[in-house]
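Data first, discussion second: the structure below is written as structure tokens.
The values are calculated or read from the model by the stated rules, or taken from the named source; none is laboratory data. Since the model is a prediction, treat every value here as computed from it, not as a measurement. Because the Cβ atoms are built from the backbone with ideal geometry, glycine has one as well, and the counts that use them run over all protein chains shown. Just the protein is used for accessible areas: all its heavy atoms, side chains included, with ligands, DNA and RNA removed. Shrake-Rupley method; radii C 1.70, N 1.55, O 1.52, S 1.80 Å.
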Amino acid sequence: MRKPCFDIVILGLSITSSWGNGHATTYRGLVQALMAHGHQVLFLERDVPWYASQRDLPHPPYGRMALYTSFEELRDRFTPAIQQADVVMVGSYVPEGIAIGTWVTHIARGITAFYDIDTPVTLANLHHGSCDYLSTALIPRYDMYLSFTGGRTLAQLERVYGAPMARPLYCSVDPSLYYPEAQPASYDLGYMGTYSADRQAPLQELLLEPARSWPQGRFIVVGPQYPPTIQWPPNVERCEHLSPEAHRAFYNSQRFTLNITRTAMRQAGYSPSVRLFEAAACGTPIISDAWEGLETFFTPGQELLISHAAHETLHYLRDIGEEERRALGKRARTRVRTAHTAAHRAEALQDYVLEVWQRRRISPRCNREDRAT
């Protein structure tokens with residue numbers, strides 16, 4: 001039986017600019033996959049200057065996208081779209097997210113969902129009363145809480161915060177954009193990520209110290225907002241930003257790539273980074289820090305390597321043979337293509353929507369054939 005098609009509205013942080021955020025690539029893959037499944041998607045993005053000046057996809061070639069400058073404009077222009085949609089998703093870090101979420105859950109006739117791309121950070125901010133895009137009172141008003149983090153956090157969202165239904169909607173990769181390319185390896189180890197104070201110590205231990213201990217090695221760190229006080233070893237190249245279309249070449253230019261997880265995500269567990277899936281899709285072997293649930297996404301020792309200290313990183317870089325290195329990357333690529341693509345996430349979202357409808361004991365309003373008759 002063919003699944004029904006939905007009219008979906010997503011209010012997210014950004015789809016047009018990937019500068020300094022991991023949201024855009026997630027939304028791009030998800031929207032494209034949803035469209036490929038036959039759904040209609042409207043993405044609404046707040047027009048803010050820091051993204052306006054760094055738009056690497058100003059006109060997404062899939063779905064519809066519209067910018068708005070204020071909550072008032074959002075209400076004036078898009079109230080009918082919100083009311084008529086089968087599914088309305090509000091993402092984390094959306095400006096004025098509490099006001100928008102309250103409005104959406106009040107007027108939407110379809111299913112409402114909060115999509116948290118930053119779940120552990122969100123919950124920490126809620127605990128300290130410093131979350132400006134979600135409140136504890138708002139969580140039970142959404143029909144679904146979709147989370148980048150799985151595991152025990154989902155039970156916490158339902159039992160402690162009153163979410164009617166919490167489900168994982170992890171990050172993913174578009175395999176049409178990320179795949180192996182034959183090119184010389186320019187770097188022994190690379191890392192891509194916006195500066196974060198809680199990731200700097202692991203970066204120091206797992207990349208900068210190995211670079212200092214191995215002057216012949218070639219390293220690179222890509223990402224914005226790193227303080228000028230950081231002392232970079234001379235064999236560590238720095239790049240402020242790479243647009244998404246350059247990511248594939250970046251991964252393919254490395255013998256190994258490094259994954260470092262933010263403290264809140266590591267403590268929560270079950271919080272894979274999109275960089276894991278991107279690198280694996282390119283067949284680039286991954287060296288990662290350790291966190292609970294990692295083994296549910298990749299098998300340690302078979303599909304990726306775990307490092308706790310500089311000497312372990314150096315062992316991988318210097319002692320693993322080329323045949324073993326290539327096999328490691330190939331196994332990770334196979335795992336990603338069978339479980340972690342944007343198409344897999346779109347299918348999961350479809351199933352979650354149907355689960356909500358089943359709980360409500362109503363039929364979807366949104367079958368396109370029904371609308372055409």
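Table for the structure above
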{"quantity": "Checking E237 against (1) outside any helix (DSSP H, G or I); (2) within 17 Å of S307 (Cβ to Cβ); (3) of a type in the set (D, E), the condition it does not meet", "calculated": "(2)"}
{"quantity": "Residue match in the range 179-187 (condition: open to solvent by less than 30 Å² (accessible area, probe 1.4 Å), assigned to a loop (DSSP other than H, G, I, E, B) and either under 30 Å from I111 (Cα atoms) or in contact with a helix residue (DSSP H, G or I) (Cβ under 8 Å, 6 or more places away or on another chain) (or both))", "calculated": "no"}
{"quantity": "G217 being closer than 19 Å to T284 by Cα, modelled with pLDDT under 95 and not hydroxyl-bearing (S, T, Y)", "calculated": "no"}
{"quantity": "Qualifying positions in the range 133-150 - open to solvent by 30 Å² or more (accessible area, probe 1.4 Å) and closer than 29 Å to R275 by Cβ", "calculated": "none"}
{"quantity": "Subset of the range 316-338 that is assigned to a helix (DSSP H, G or I) and open to solvent by less than 40 Å² (accessible area, probe 1.4 Å) - its residue that is farthest from P164 (Cα to Cα)", "calculated": "L317"}
{"quantity": "Within the range 300-310, tally of residues that are touching a residue at least 12 places away in the same chain (Cβ under 8 Å), more than 15 Å from L258 (Cβ to Cβ) and open to solvent by less than 60 Å² (accessible area, probe 1.4 Å)", "calculated": "1"}
{"quantity": "Residue in the range 69-80 that is open to solvent by 50 Å² or more (accessible area, probe 1.4 Å), out of contact with any Phe, Trp or Tyr (no Cβ under 6 Å at 6 or more places or on another chain) and either of a type in the set (F, W, Y) or closer than 28 Å to R275 by Cβ (or both) present", "calculated": "no"}
{"quantity": "The range 1-17, subset touching a Ser or Thr at 6+ places or on another chain (Cβ under 9 Å) and open to solvent by 10 Å² or more (accessible area, probe 1.4 Å), residue nearest to C239 (Cα to Cα)", "calculated": "L13"}
{"quantity": "Odd one out for R109, checked against (1) charged (D, E, K, R); (2) buried (at least 18 other Cβ atoms within 10 Å of the Cβ); (3) over 30 Å from A279 (Cβ atoms)", "calculated": "(2)"}
{"quantity": "Count - residues of the range 231-267 that are out of contact with any Asp or Glu (no Cβ under 8 Å at 6 or more places or on another chain) and more than 25 Å from Q54 (Cα to Cα)", "calculated": "10"}
{"quantity": "Residues of the range 114-153 that turn out to be farther than 18 Å from T26 by Cα and not charged (D, E, K, R), as a count", "calculated": "21"}
{"quantity": "Of the criteria (1) more than 25 Å from S307 (Cα to Cα); (2) in contact (Cβ under 8 Å) with a residue 60 or more places away in the chain; (3) polar (S, T, N, Q), which one T194 fails", "calculated": "(1)"}
{"quantity": "Hits in the range 346-373 - residues which are at pLDDT below 95 and of a type in the set (F, W, Y)", "calculated": "W357"}
{"quantity": "Residue list for the range 267-312, filter: within 20 Å of R333 (Cβ to Cβ) and aliphatic (A, V, I, L, M)", "calculated": "V274, L276, A279, A280, A281, I286, I287, L294, L304, L305, I306"}
{"quantity": "Residue match in the range 284-301 (condition: over 20 Å from the mean Cα position of the chain (by Cα), of a type in the set (S, T, N, Q) and not in a helix (DSSP H, G or I))", "calculated": "yes"}
{"quantity": "Selection count where residues are farther than 30 Å from D198 by Cβ and outside any strand (DSSP E or B), scope the range 64-123", "calculated": "27"}
{"quantity": "Among the candidates T257, T313, T341, T261, residue that is hydroxyl-bearing (S, T, Y), touching a Gly at 6+ places or on another chain (Cβ under 6 Å) and open to solvent by less than 20 Å² (accessible area, probe 1.4 Å)", "calculated": "T257"}
{"quantity": "Any hit, the range 201-218, residues being closer than 29 Å to T338 by Cα, in a loop (DSSP other than H, G, I, E, B) and not hydrophobic (A, V, I, L, M, F, W, C)", "calculated": "no"}
{"quantity": "Extreme residue, nearest to the chain's Cα centre (by Cα), among residues of the range 23-72 that are under 16 Å from E96 (Cα atoms) and of a type in the set (S, T, Y)", "calculated": "Y68"}
{"quantity": "Residues being more than 22 Å from the chain's Cα centre (by Cα), open to solvent by less than 60 Å² (accessible area, probe 1.4 Å) and not hydrophobic (A, V, I, L, M, F, W, C) - total across the range 210-244", "calculated": "5"}
{"quantity": "Looking only at the range 271-295, and only at residues there that are without any contact (Cβ under 8 Å) to a residue 40 or more places away in the chain and not aliphatic (A, V, I, L, M), the one that is surrounded by the most Cβ atoms within 10 Å (Cβ to Cβ)", "calculated": "S288"}
{"quantity": "Count - residues of the range 196-209 that are open to solvent by 40 Å² or more (accessible area, probe 1.4 Å) and farther than 19 Å from R255 by Cβ", "calculated": "6"}
